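I have placed the structure first, in the form of structure tokens, so that the comments after it can refer back to it.
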Amino acid sequence: MSSRQLPVLGYDHVELWVGNAKQAAHYYRSAFGFQLVAYAGPETGMTDRASYVLEQADIRLVVTAGLHADSEIVAHHARHGDGVRDVAFRVPDAAEALDLAVRRGAEMVREPRVLADGHGKVTVATIAAHGDTVHSLVEREDYPGAHLPGYRDCDDDPVPPPVGLRSIDHVVSNVHLGDMEPWTAFYERVLGFSQLRHFSDEDIATADTSLSSKVVADDVGRVKLPINEPGQGAKRSQIEEFLDAYRGPGVQHLALETPDIISTVRTMRARGVAFLDVPAEYYEQARERVGEVGESWNDLAELGILVDRDEEGYLLQVFTEPVQDRPTLFYEIIQRHGATGFGLGNFRALFEAIERAQHRRGNL
Ligand code: FE2
């Protein structure tokens, strides 16, 4: 860890602000295989919100809805629809991390708060990211509860079992044209992250649209944050569609890692999760482009799983349709066999598939 890097131990959780947390939580449980581990709401003394904590291996999602018309959560939902509010990082010392971040130019959203109950305490501070997105800095001192003080633990969730998702691989944001550089610089300056790679809009282009993407990551690659901005294509790109539908910048997708993508995706499909279509021709080209892989090409084609190779190995990935009514947040399921990239070779094939969906919505 470089001396410049803010001590970030990894993701703590990702919180979504949604219109109906009870139903969103049920979707993530029944379709994505998350288990309900904690709840906060009026019954636990949290009078302004309902908040469900969902876990699968190392992934923790929190889905929260506001209960009153004047709630900031309700206002956020009215503007953005369901979306990611907080990509929270685990830190060893929240007050120290906040102080360092603010001295490096971050905007403070909330001062460090010590949340305590009979089990112990957790300290949380929050800084602003792009748009209405924030990063909480969470310091846990062996807190034994399922999430935070104020939440009640829930045991023995009766919904279907996990689908094999294991960790958050990366979190991708979309920002306006011209904002990719400043936000990359923000993560370099404030968190001490470094830039992994840069895809120009020539790398990621179809006949109609393009985008640029830069990736910042911590020194050990636990936290990887690609940032996209729209390119100057002939037509309205999927990034612009997101920015319009979300009414500003925000988190475009969460990539969740599995050690067995065939089984994970087969199960998720059986539970009704919709993935992007992949044209059959993709697999003829992919076999030549990627070479030998350990999985069956028939399984990959049947499940619409994309394949890419870089210098270090290959990866398998697949993208869901947006998971709410607006064409905003979606999920990627990824399995890595050595490859450390993000599927550059798939971008064109993927974007062509996304653009077919845009056409169907009349947005291209
Ligand atoms: Fe991704």
Screening ARG79, ARG90 for residues that are closer than 25 Å to ASN20 by Cα, within 25 Å of the chain's Cα centre (by Cα) and open to solvent by 10 Å² or more (accessible area, probe 1.4 Å) leaves only ARG79
Across (1) away from the ligand (no atom under 16 Å from the Cβ); (2) open to solvent by 10 Å² or more (accessible area, probe 1.4 Å), MET268 clears everything bar (2)
Does the range 352-362 include one or more residues that are free of Cβ contacts under 8 Å to residues at least 60 places away in the same chain, assigned to a helix (DSSP H, G or I) and within 14 Å of the ligand (Cβ to nearest atom)?
no
Restricting attention to the range 313-323, does a residue exist that is open to solvent by 20 Å² or more (accessible area, probe 1.4 Å), touching a residue at least 60 places away in the same chain (Cβ under 8 Å) and out of contact with any His (no Cβ under 8 Å at 6 or more places or on another chain)?
-> yes
From the option list VAL63, VAL37, single residue qualifying as assigned to a strand (DSSP E or B), under 22 Å from TYR246 (Cα atoms), outside the structural domain of VAL265 (by TED's automatic domain parsing) and in contact with an Asp or Glu (Cβ under 9 Å, 6 or more places away or on another chain) is VAL63
When the range 5-51 is checked residue by residue, the ones that are exposed (fewer than 14 other Cβ atoms within 10 Å of the Cβ) and basic (Lys, Arg) are LYS22
Please indicate, with yes or no, whether at least one residue in the range 292-312 is in contact with a strand residue (DSSP E or B) (Cβ under 6 Å, 6 or more places away or on another chain) and open to solvent by 30 Å² or more (accessible area, probe 1.4 Å). yes
Of all strands (runs of 3 or more DSSP E) fully inside the range 78-177, the set with 2 or more residues that are more than 16 Å from the ligand (Cβ to nearest atom), among the charged types (D, E, K, R) and within 30 Å of THR209 (Cα to Cα) is 83-90
Within the range 241-273, the residues that are over 22 Å from ARG166 (Cβ atoms) and of a type in the set (A, V, I, L, M, F, W, C) are PHE242, LEU243, ALA245
If you go through LEU256, LEU300, the only one that is out of contact with any helix residue (DSSP H, G or I) (no Cβ under 6 Å at 6 or more places or on another chain), of a type outside the set (Gly, Ala, Ser) and within 16 Å of the ligand (Cβ to nearest atom) is LEU256
Exception for ASP142 within (1) surrounded by 14 or more Cβ atoms within 10 Å (Cβ to Cβ); (2) touching a strand residue (DSSP E or B) at 6+ places or on another chain (Cβ under 8 Å) falls at (1)
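The values are calculated or read from the model by the stated rules, or taken from the named source; none is laboratory data. This structure is a prediction, so every number in the text was calculated from the model and none was measured. Counting neighbours? That spans all protein chains shown, and the Cβs are built from the backbone with ideal geometry, glycine included. We work out accessible area using only protein heavy atoms, side chains counted, and drop any ligands, DNA or RNA first. Shrake-Rupley method; radii C 1.70, N 1.55, O 1.52, S 1.80 Å.
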